[in-house]
Amino acid sequence: MGNCKNGFRVLLALLNVVLLLLGGFLLYCVLQFMNTNGGSITKVNLKPVVVMLATAGITIFGALLGICGAYTEKKGCLGVYMVFIWAGLIILTVMTALLLTAQKPLRDSIDDFLLDEMHLYGLSGNDSVTFNNKTISPNEEFNTTLFIDTVQQDGHCCGYNNYTDWETYPYSTKNLTDVPLSCCKNPSNCTGSLNDLDQIYQDGCLESFNSFFSYYYGFLTWTSLGLAIIAFSAIVIGIGLICARRSNPFDYTGFGEPGYTTV
């Protein structure tokens, strides 16, 4: 039974080392995301960064708790870890199910959001736009101009379907350039005029934006599924370790306090 118990301890420790590495990798991805384009993305919207940082922190905390429980075999530590990992498994299972079923509706919603923001590009907070039987206004908490500039520069694209879309947006009546300078291949040497098409990206941003969305959505979905599998495995191994400890009449009665228990 001792060898069995040690085997459970090693498996639980290794599993949580993997979880710790995943948490560290997620933290690295967050830092890279924050530094993208000199931090311009975080200036657009900080909420995704906060969510990812929280996820990375919780993952690292859970992994350290599991490693501590496997090493010390303290009932209190293992108990807290089991509660934590059960809650994580439930959340990850629900999250994975939602991600697997909501991709198309979410992509359609994001496509509509991109189109709305292009209509709002360059407008002030007092302006509004009416199209497709709806009226929208700029959100003061969201930097539309920076968002669209980032999308067009990173995606090497211009407009929603193509560069001619800017002729139909309110931007064309309020600015001196035919297209935003973010449509330019080299913004420092471009006037944004349609007379110099060779200096302007001509493909629309919809395709590149959807490719970006599909890549990161797939990464998030499979990461969530992988973490759910790891959490389930950790629960099975944790239960095995606790059962192995219960078969020993000398057990831990609290946080590190040894004592004699009876069956």
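The values are calculated or read from the model by the stated rules, or taken from the named source; none is laboratory data. It should be emphasised that the depicted structure is a prediction, and the values quoted were computed from it without experimental measurement. Methodologically, a virtual Cβ is constructed for each residue, glycine included, from the backbone with ideal geometry; neighbour enumeration extends over all protein chains shown. Note: accessible area is taken over every heavy atom of the protein model, side chains too, but ligands, DNA and RNA are not part of it. Shrake-Rupley method; radii C 1.70, N 1.55, O 1.52, S 1.80 Å.
Descriptive notes on the structure:
- Residue count for segment 157-180 satisfying the condition of being at pLDDT 90 or above and farther than 19 Å from residue 195 by Cα: 2.
- Checking residue 130 against (1) at pLDDT below 85; (2) surrounded by 14 or more Cβ atoms within 10 Å (Cβ to Cβ), the condition it does not meet: (2)
- Scan segment 138-177 for residues that are farther than 12 Å from residue 122 by Cα and either outside any loop (DSSP other than H, G, I, E, B) or among the basic types (Lys, Arg) (or both) and the total you get is 11.
- Hits in segment 146-174 (condition: out of contact with any strand residue (DSSP E or B) (no Cβ under 7 Å at 6 or more places or on another chain), in contact (Cβ under 8 Å) with a residue 12 or more places away in the chain, surrounded by fewer than 16 Cβ atoms within 10 Å (Cβ to Cβ) and of a type in the set (S, T, N, Q)): 161
- Any pair with Cβ under 7 angstrom, 6 or more apart, that starts in segment 222-234 at a residue that is closer than 18 Å to residue 14 by Cβ and ends at one that is of a type in the set (Gly, Ala, Ser) and open to solvent by less than 30 Å² (accessible area, probe 1.4 Å): 231/88; 234/66
- Residue ID - farthest from residue 167 (Cα to Cα), chosen from residues in segment 178-194 that are of a type in the set (Ser, Thr, Tyr) and not in a loop (DSSP other than H, G, I, E, B): 188
- Unmet requirement for residue 46, which otherwise passes all of (1) modelled with pLDDT of 75 or more; (2) at negative phi; (3) open to solvent by 60 Å² or more (accessible area, probe 1.4 Å); (4) not charged (D, E, K, R): (1)
- Any hit, segment 138-145, residues being surrounded by 15 or more Cβ atoms within 10 Å (Cβ to Cβ), in contact (Cβ under 8 Å) with a residue 40 or more places away in the chain and either among the aliphatic types (A, V, I, L, M) or under 18 Å from residue 173 (Cα atoms) (or both): no
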